[in-house]
Amino acid sequence: MPSVSDLHSIGELARASGLTVSALRFYDSAGVLEPALVDPVSGYRWYTDEQIAPARLVAGLRRIGMPVPEIAAAVRAEPAAVHLLLDTHLRRLVDGLADARREVTRLRTLVDPAPRTSTTVLLSPADLAAALDAVRFAVGADPELPMLSGVLLDVESDGVRLVATDRYRLALARSGADVDGPPVRVFAPVDLVDQIRALLTAADARPVRLTVAGADLRVLVAGRTLTGSALPYDFPDYRRLVRQAVGERPTARRIPVDVAALRAALADPAAPTVARDHDGTPRAVTVLGVDDTGDLRLLPDTELTSDALLVGVDGGYLLDALNAAGGPQLVLELDGPIGPLAVRRPDDADTYSVLMPIRL
């Protein structure tokens, strides 16, 4: 062990690294940057020359707001892994900035409402029907949660993103569109959504015209005009929900599945389930796992092991998601028992659903 004469005091390391003394004490207690020597009598901390560069790295990561667990990983990682951590954090910052800009725009409108404008959207009936079918099953039906009782229409410059969630599942789809006017987010009530869907037929190729003017909605579909008002609730930040649920999952396994076979397995009265308490209620939980050949299996309680890749879900919810996604082939994305299950189309990155796991 080096002598104190060969070491740097905490004050010297603070000056050399740009970290404050209190920050160095914090990173010591957090196990990020521990001193080489602590005097057992005085409690003084001492550091080696080799700890100056890691301390400077910590200071830089702290300045860009990287979370402490990731800072700890970066200090101990090889350069390639540090670059990956930086890339992930940079994407997080970019997404956060976009979220902040949208929120600032909303706040400016609250403070100083702009003159009323309207946005008109022309959509393909077939594309809109497919998008509505992909998200309708996830609309919330709890009367105590009216902020989930509709479909968010997030109008972008070249299309509309449709989103629905009931807290236990989240569904997203997108329809290309011709947009005239500024981007707008409108929370359409489920009754109006269902009326629109009922008028969308394969025989009518006329574009659907959606006009949004403040809270007023006007839809020309199949020669009929429907009107309604947007729900007066702030829909959850679905982009943040998606990032938290399925955004960065390097450990997730993508399993191609035969939809008809999985539907049949789930609908079979003899399908294995496990009994679990969920939110204080006994539930029969469907457990998905992967066998030795990489295929998806429904697992009984006797085959659950701590080192297996598995996730527990509501079997009925999974059936709903399979039916909504359509197509003979889908991809299920598993990331362990506490990670959400993603149901994806292999040919459409914009349409997918996410089911919250049930703890096993």
Mean separation of Cα contacts under 8 Å (6+ apart) over length of the stretch 35-123, as relative contact order %: 13
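At a Förster radius of 30 Å, what calculated FRET efficiency corresponds to the Cβ-Cβ distance of Asp158 and Arg63, to the nearest 0.05? Could the numbers behind the result be given before it?
Values: r = 37 Å, r/R0 = 1.22.
Calculated transfer efficiency: 0.25.
Express the carbon and sulfur contribution to the solvent-accessible surface of the stretch 174-307 as a percent, rounded to the nearest whole number, probe 1.4 angstrom. Working shown, then result.
Numbers: 3880 of 7750 Å².
Carbon with sulfur: 50 percent of the solvent-accessible area.
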Distance between modelled label sites at Ala275 and Ser22, nm, 7 Å Cα→Cβ extension: 5.5
Gaussian network model of the chain, Cα within-10 Å springs - most flexible of Thr305, Thr119, Thr227: Thr305
Residue among Asp180, Asp194, Asp292 with the largest mean-square fluctuation in a Gaussian network model of the chain, springs linking Cα atoms under 10 Å: Asp292
Euclidean distance between Cα centres, the stretch 306-331 to the stretch 1-72, Å: 47
In Å², nearest 10: area of Asp142 left accessible to a 1.4 Å probe: 60
With all protein chains modelled, accessible area of Asp191 [1.4 Å, Å²]: 110
Distance histogram in 10 Å bins (all Cα pairs of the stretch 71-179, percent per bin): 12, 24, 31, 21, 11, 1
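222 nm [θ] for the chain, helices only, -39500 (n - 2.57) per DSSP H run of 4+, per residue, to 500? Display every interim value, and only then the final one.
Details: 10 runs with 117 residues, N = 360.
Rounded to the nearest 500, the figure is -10000 deg cm²/dmol.
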Efficiency of FRET between Asp295 and Ala130 - r from beta-carbon atoms, R0 35 angstrom, step 0.05: 0.80
The chain, relative contact order [Cα under 8 Å, separation at least 6], %: 12
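Calculated FRET efficiency, Glu12 and Ala284, Cβ-Cβ r, R0 56 Å, to nearest 0.05? Don't skip to the end; give the middle numbers.
Numbers: r = 63 Å, r/R0 = 1.12.
Efficiency, rounded to the nearest 0.05: 0.35.
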Rounded Å value of the spacing that divides the Cα centres of the stretch 182-227 and the stretch 110-177: 11
Pairs of alpha carbons in the stretch 220-360 whose separation is greater than 27 Å (percent): 28
Correct option for Cα Rg over 2.2 N^0.38 Å [calculated from the coordinates] among (i) 1.27; (ii) 1.01; (iii) 0.95: (i)
Among Arg276, Arg197, Arg15: highest mean-square fluctuation, GNM of the chain, C-alpha pairs under 10 Å: Arg15
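Largest first, what is the accessible-area ranking of Glu34, Glu70, Glu333 with a 1.4 Å probe? Walk me through the numbers before you get to the answer.
Details: Glu34 105, Glu70 40, Glu333 15 Å².
Listed by decreasing accessible area, they come as Glu34, Glu70, Glu333.
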Average accessible surface area per residue within the chain, 1.4 Å rolling probe, Å²: 53
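About its Cα centre, how strong a charge dipole does the chain have in debye, to the nearest 20, once Lys and Arg get +1 and Asp and Glu get -1 at the Cβ? It would help to have the intermediate numbers written out before the result.
Details: 38 positive and 48 negative charges, 207 e Å.
With Lys and Arg at +1 and Asp and Glu at -1, about 1000 debye.
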Span-like helix ranges in the chain, DSSP H, alpha carbon extent 30 angstrom or more, Kyte mean at least -1.0: 79-111
Heavy atoms of His83: accessible area, 1.4 Å probe, square angstrom to 10: 110
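Of Leu231, Leu262, which has the most accessible area with a 1.4 Å probe, and how do the rest follow in descending order?
Values: Leu231 40, Leu262 15 Å².
Ranked from most to least accessible, the order is Leu231, Leu262.
Using 0.36 nm per residue, how much length does the chain from Ala267 to Arg108 gain when fully extended, once their Cα-Cα distance is taken away?
Numbers: separation 159, 0.36 × 159 = 57.24 nm, distance 5.09 nm.
Working it through step by step, the gained length comes to 52.2 nm.
Pairs of Cα atoms under 8 Å, at least six residues apart: use those to get the relative contact order of the stretch 238-360, whole percent.
Numbers: 215 pairs, mean separation 32.7, N = 123.
Across the stretch 238-360, relative contact order equals 27 percent.
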For the stretch 179-220, alpha-carbon Rg and Dmax in angstrom: 11.5, 32
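The values are calculated or read from the model by the stated rules, or taken from the named source; none is laboratory data. Here the structure is a predicted model, which is why all the values come from computation and not from measurement. Because the Cβ atoms are built from the backbone with ideal geometry, glycine has one as well, and the counts that use them run over all protein chains shown. Protein only, heavy atoms only, side chains kept; ligands, DNA and RNA dropped before computing areas. Shrake-Rupley method; radii C 1.70, N 1.55, O 1.52, S 1.80 Å.
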